[in-house]
1. Answer with yes or no whether Ser248 is surrounded by 12 or more Cβ atoms within 10 Å (Cβ to Cβ) and modelled with pLDDT of 90 or more.
2. Just a yes or no: is a residue in the stretch 85-97 at pLDDT below 75, closer than 26 Å to Pro236 by Cβ and over 15 Å from the mean Cα position of the chain (by Cα)?
3. Scan the stretch 220-234 for residues that are buried (at least 16 other Cβ atoms within 10 Å of the Cβ) and either small (Gly, Ala, Ser) or at pLDDT below 85 (or both) and jot them down.
4. Being closer than 30 Å to His18 by Cα and in contact with a helix residue (DSSP H, G or I) (Cβ under 7 Å, 6 or more places away or on another chain): is that true of Gln83 here?
5. Restricting to the stretch 216-225, count the residues that are free of Cβ contacts under 8 Å to residues at least 60 places away in the same chain, of a type outside the set (Asp, Glu) and out of contact with any Leu (no Cβ under 6 Å at 6 or more places or on another chain).
6. Looking at Ser172, Ser213, which is the one that is in contact with a Leu (Cβ under 7 Å, 6 or more places away or on another chain), at pLDDT 90 or above and not basic (Lys, Arg)?
7. Test of understanding: among Arg122, Arg116, which residue is modelled with pLDDT of 90 or more, within 19 Å of Ala159 (Cα to Cα) and in a helix (DSSP H, G or I)?
8. Out of the stretch 30-55, which residues are surrounded by 13 or more Cβ atoms within 10 Å (Cβ to Cβ), in a helix (DSSP H, G or I) and modelled with pLDDT under 85?
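The values are calculated or read from the model by the stated rules, or taken from the named source; none is laboratory data. Computed from a prediction, not measured in an experiment: that's the story for all the values here. All Cβ positions, glycine included, derive from the backbone under ideal geometry; neighbour counts span all protein chains shown.
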Amino acid sequence: MSKLNREELDHLERRELHLTVVSVIFVLILAAGLAAFMYPLVFLRPGGNAWTMRVAFFGFCVLTVLFVSYLLQHQRTVAKLKQQLLAEFERNLALQHQASVELLGSMPGLDHFWDRLTMEFRRASATQKTLSLILVKIVAGPRQIAPAEAASDAAKAMARKLRPTDSIHRLSPELFGVIMPETDGLNAKRVAVRLQDELQTVRAKHGTNFEVSAHNYPSDVRSAHELEDIVKSLLPEAEGWAAAEPASAN
């Protein structure tokens with residue numbers, strides 16, 4: 001959803017108000033000038049059809065008042081529509097934020113990630129299979145915690161490119177981990193490139209950047225501890241997201 005520029009809306013509203021005021025003044029000046037020219041002919045030196053002239057004069061005055069009232073009513077309507085638009089937009093933003101928070105809250109977290117990583121590493125080492133781990137970090141500039149909407153959209157974008165056997169975990173407000181069983185290093189790098197492409201829309205929408213890295217066993221690491229150290233090096237030290245000590249199995 002595109003974000004409204006509140007300053008631009010205020011500027012447009014001020015321009016609309018200025019145009020309305022200028023239009024009202026212009027109409028009143030023209031009407032007053034015309035009425036001044038009509039007054040002597042209608043009241044001071046009436047012709048043979050005096051009542052017709054008077055009806056036309058008063059009708060002109062009434063039409064002028066109605067037109068000015070229409071301009072003022074139009075201005076009030078525009079201001080009211082703007083307020084309704086802003087209220088609806090803010091309500092939609094609140095609903096979107098709530099949906100994003102609920103989606104992120106339902107994702108597996110760090111504790112589940114350690115358990116899954118340990119289990120998949122044991123299986124890979126026991127069966128001589130490969131195991132890949134893709135880490136996606138949101139870089140949100142000076143902010144320490146990325147917006148929930150950006151993280152939610154990133155999670156949905158990545159999920160579209162993963163297999164049913166892959167699992168995505170939210171390791172911190174700015175870090176996602178994707179465990180990919182039976183995936184070699186070359187395929188893991190290809191998936192990382194596809195994820196980068198899929199995240200282009202999220203990057204353009206929220207103005208955030210993404211750092212995507214792929215790590216493979218046994219090509220890049222030889223033990224579960226090495227994978228865990230890579231993950232811990234990217235985890236923030238903020239309270240509540242500190243890495244729990246996993247039960248590793250080399």
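1. So Ser248 fails the test.
2. Looking through the stretch 85-97, none of the residues is at pLDDT below 75, closer than 26 Å to Pro236 by Cβ and over 15 Å from the mean Cα position of the chain (by Cα).
3. Ala224
4. no
5. Total meeting the criteria: 3.
6. From the options Ser172, Ser213, the qualifying one is Ser213.
7. Arg116
8. Selection gives Leu34, Ala35, Met38, Leu41, Val42, Ala50, Met53, Arg54.
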